[in-house]
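Structure first, commentary second.
The values are calculated or read from the model by the stated rules, or taken from the named source; none is laboratory data. As the structure is a computational prediction, the values presented were derived from the model and not from experiment. Virtual Cβ from ideal backbone geometry, glycine too; neighbours counted across all protein chains shown.
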């Protein structure tokens, strides 16, 4: 992911996040404001409906006030004259007063007169007994003996909603003592609701209630003493519906008025929000394009160009070229710093080349010196070994022959050390070449077994060899001499550092692909063992276990280093070691050889 893409991603995410946050912040504020306006608008509608019903109750409570304070009515309660009934209690007068029933009763609640007006047939009839009993019961609650009903109340009569009012009967002008009471009312039906529709300019729906239970979403009216109702609102994307549930004076649901209004205010809010979102997106797009262009021109393009030039310098290795960036910002400053580093690198390269040249000359001189000295030493040492062999054959048994044997052993140790030094010099200088010839694995292990078996017998050690039969029958291509050198070196170390116990040579054929074999060779002993700290050092040149072992066992400390490098030259991994002090050691390595 290059710098240009990263910057574009950062800008994009920043703009998207900003637009999202702005959208949610503004939309929540805007929608809340519009919803508050919508709620207030609907509350005003609801208030208008309740005000109209309250007004209807107030107006109805005054319809019979003149009759209740009239001498003729007062006298009728005593003499019950028919003329009063004939002149006043007729269908036309009751229809003009919009009354469905009226009842006259004395102070003992004895019914003097009751009338029920059948508006459908235009007739007057006696009220049903159930209606009479209900009206008397309602009157007890609405009326005291000294005053009239303050306002008409909503009640349930004959399982129908009705509006009822009650007045004390007094003489004209409110004189005298109460001479009974009258109670009157009308049923609330579709015709009554039609009147409300005209007054409120709403299309009110009307439903009588047999059983209705309020839920938590219903809002109970605060005017519980006069007009008791609860409110429930339901809405969707297009309409908001209000249900006004009016209760009777016993606080039981009586009837429902419902109406719905289109959500014009909410719709305007949605349209306004859409315009806002469109404007926000267009603004965000313009900001993205401008920001991307400016970032690309003044930052990303220059950084990519700088990176490209630095990469080109690295690939070509031409540290004499310099970067050219104008300006006084951090990118120009960075290019100047890089040019300064290039100057330092160029100077360091010149010094390095001179040092490498000097080192190469010194290394060649060292290698030539060691090679010359080594070959010069090998010639007289070979002569000493030859003459000591002849001298050993001519010397009789005794002290003199023992001296000759010591000279011979020291000569072999010396020439072995010289050979190790020459091999190490060749490996270090890269001059050591492996000779690839066909040979039998059986010949390698035969020679090693003879050598190790002889030395082990002299030291009274148990020597065992465990080699796969398939491996003994295998012919391979490789450097037989160097393979023997590796194994003999490991076996020699095992023999050198083991004073009692056993030496075990193992070789396993790990895999045979037909063209190549993978071989694991290990030398295990019960010698002095090596601690973990020393295990990290013994494969370094001129290093043995410790100074005391060097003095006790001798050697230049090159054997393991040379063997390890030979294993790697043969395509294997490093020689590995498993050992603990006092518990012996197990050296092993794995090489791959081509089959002959």
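For residue 117, are the conditions met, namely being in the same structural domain as residue 179 (by TED's automatic domain parsing) and closer than 14 Å to residue 185 by Cα? In short, yes. Annotation note: of 414, 409, 323, the sole residue that is modelled with pLDDT of 70 or more and farther than 30 Å from residue 303 by Cβ is 414.
Pairs are defined by a Cβ separation below 8 Å, a sequence spacing of at least 6 or placement on different chains, a first member in region 124-149 that is assigned by TED's automatic domain parsing to the domain that holds residue 176 and over 15 Å from residue 248 (Cβ atoms), and a second member that is modelled with pLDDT under 75 and crowded, with 18+ Cβ neighbours inside 10 Å; the pairs so defined are 143/149. Checked against the criteria, residue 315 does not count as modelled with pLDDT of 75 or more and surrounded by 15 or more Cβ atoms within 10 Å (Cβ to Cβ). Of all residues in region 162-196, which are assigned to a loop (DSSP other than H, G, I, E, B), without any contact (Cβ under 8 Å) to a residue 40 or more places away in the chain and over 19 Å from residue 206 (Cα atoms)? 177 - this is the single residue of region 162-196 that is assigned to a loop (DSSP other than H, G, I, E, B), without any contact (Cβ under 8 Å) to a residue 40 or more places away in the chain and over 19 Å from residue 206 (Cα atoms). When each of 50, 73 is tested for being closer than 23 Å to residue 246 by Cβ, assigned to a helix (DSSP H, G or I) and modelled with pLDDT of 85 or more, the lone residue that passes is 50.
Residue 68 fulfils the conditions (1) out of contact with any helix residue (DSSP H, G or I) (no Cβ under 8 Å at 6 or more places or on another chain); (2) without any contact (Cβ under 8 Å) to a residue 60 or more places away in the chain; (3) assigned by TED's automatic domain parsing to the domain that holds residue 102 except for a single criterion, (2).
Note on region 60-70: residues that are surrounded by 14 or more Cβ atoms within 10 Å (Cβ to Cβ) and outside any loop (DSSP other than H, G, I, E, B) amount to 4. Considering the conditions (1) touching a helix residue (DSSP H, G or I) at 6+ places or on another chain (Cβ under 9 Å); (2) over 30 Å from residue 264 (Cβ atoms), residue 22 is excluded by exactly one of them, (2). Quick check: is even one residue across region 328-341 in contact (Cβ under 8 Å) with a residue 60 or more places away in the chain, out of contact with any strand residue (DSSP E or B) (no Cβ under 6 Å at 6 or more places or on another chain) and either surrounded by 14 or more Cβ atoms within 10 Å (Cβ to Cβ) or not in a loop (DSSP other than H, G, I, E, B) (or both)? Looking through region 328-341, none of the residues is in contact (Cβ under 8 Å) with a residue 60 or more places away in the chain, out of contact with any strand residue (DSSP E or B) (no Cβ under 6 Å at 6 or more places or on another chain) and either surrounded by 14 or more Cβ atoms within 10 Å (Cβ to Cβ) or not in a loop (DSSP other than H, G, I, E, B) (or both).
The single condition from (1) assigned to a loop (DSSP other than H, G, I, E, B); (2) surrounded by fewer than 16 Cβ atoms within 10 Å (Cβ to Cβ); (3) touching a strand residue (DSSP E or B) at 6+ places or on another chain (Cβ under 8 Å) that residue 108 fails is (3). Among the residues of region 516-540, those that are closer than 17 Å to residue 590 by Cβ and touching a residue at least 60 places away in the same chain (Cβ under 8 Å) comprise 516, 517, 518, 519, 520, 521, 522, 523, 524. Against the criterion of being free of Cβ contacts under 8 Å to residues at least 12 places away in the same chain and outside any helix (DSSP H, G or I), residue 344 does not qualify. For region 37-45, indicate whether the set of residues that are surrounded by 16 or more Cβ atoms within 10 Å (Cβ to Cβ), touching a residue at least 40 places away in the same chain (Cβ under 8 Å) and farther than 30 Å from residue 272 by Cβ is non-empty. No, region 37-45 has no match at all. Of all the listed residues (297, 321), the sole one being within 40 Å of the chain's Cα centre (by Cα) and surrounded by fewer than 16 Cβ atoms within 10 Å (Cβ to Cβ) is 297. Residue count for region 86-99 satisfying the condition of being assigned to a helix (DSSP H, G or I) and either outside the structural domain of residue 164 (by TED's automatic domain parsing) or surrounded by 15 or more Cβ atoms within 10 Å (Cβ to Cβ) (or both): 3.
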